[in-house]
Structure formats: C-alpha cells, structure tokens
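Remarks on the structure that follows.
Throughout, read-outs are computed from the coordinates displayed, never taken from laboratory work. Keep in mind the model is a prediction, meaning the values are calculated, not measured. Cβ atoms come from the backbone with ideal geometry, glycine included; neighbour counts cover every protein chain shown.
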Amino acid sequence: MKARNKFLLGGVLVLGTASYLMASSIDETATYYLTPTELAAKVADSPRFQKNGVKVGARVESGSIVRDPSGRELTFRMTDGTQTYKVHYRGVAPDTFTDGVDVVVEGRLDASGTFQATTLLAKCASRYENAPGQPGQYPAGAQHPASVPKA
C-alpha cells in the first residue's frame with residue numbers, strides 16, 4: 001500500500017471517530033428543562049418520577065421569597081401560570097434572583113410536593129437592557145442611521 005493511501009485511510013479513520021464522538025455526545029450534553037405543568041403530568045403518570053433528578057424552568061411568584069436569616073437557605077414558589085411548586089434551596093442565591101425573575105432549578109420533588117433544589121440559576125437577559133428613553137435608544141419613529149452599521 002502506498003504511503004499516500006495509508007495517510008488518507010488514517011485521516012478518514014480519525015475524522016470518522018471524531019464525528020462519531022461528537023454526534024454521540026450531543027444527547028448527553030443537551031440541556032432540557034420541564035415546566036411545572038410538565039413535571040406535574042410526569043408525576044401523575046408515574047409517582048416514581050419523584051425520585052429522579054430533574055431541571056425545571058419557571059418564574060418566581062412575586063412576594064413568595066422567604067430567606068433564612070443565615071442567608072444560606074431560602075424558599076419560594078415557582079409557577080408557569082398553570083402549576084405552582086414550592087421550592088426549597090440551600091446555598092447562596094445568585095445576585096439576579098428576585099421576585100418575578102425566570103429561574104431554572106435542578107433537584108427532586110419530595111413526597112410533600114416541595115421541590116428540593118440543589119442548583120438555582122436566575123435568568124437575567126432583560127436586567128441589562130436600557131430602559132425606554134435611556135441613552136442608546138432611538139425615540140419613537142426614529143430610523144437607524146444609514147451611516148452606522150447595525151450590530
């Protein structure tokens with residue numbers, strides 16, 4: 001076998017192996033979370049589902065946050081507008097965690113229906129947007145200047 005053919009065969013093997021590993025790892029690294037309504041449906045279908053760890057994405061109900069005086073525990077209610085769950089979290093809450101913020105919690109639903117969270121992530125995309133009428137925004141009806149590239 002010629003050296004060129006060996007090199008091509010080796011390259012195909014390396015590329016094929018790398019492609020297989022990338023394709024097979026997509027399922028393992030994909031992050032999907034349930035809504036409270038989806039979680040309730042899964043628990044209704046199989047009560048054993050409560051023993052599984054799961055991620056849930058929802059909104060913090062306004063006025064429901066109760067912080068422990070130590071600052072290391074908190075409880076709140078999360079909702080998707082249809083289903084509501086009480087959440088208990090031990091740890092330091094993110095700085096962006098407030099009433100009405102979207103959260104993703106990871107943990108388990110206990111027998112009493114309280115979600116015992118081990119991870120708490122607060123979404124904050126709108127926190128850093130300019131308020132209407134602030135510098136960097138155009139007045140109502142104004143057009144983007146043609147001489148300035150759009151980002």
(request) Read through the list (1) surrounded by fewer than 11 Cβ atoms within 10 Å (Cβ to Cβ); (2) closer than 26 Å to Cys124 by Cα, then give the number of the only condition that Arg90 fails. (result) (1)
(request) Working only within region 63-87, note down all residues that are exposed (fewer than 15 other Cβ atoms within 10 Å of the Cβ) and part of a loop (DSSP other than H, G, I, E, B). (result) Gly63, Asp68, Pro69, Ser70, Gly71, Arg72, Gly81, Thr82
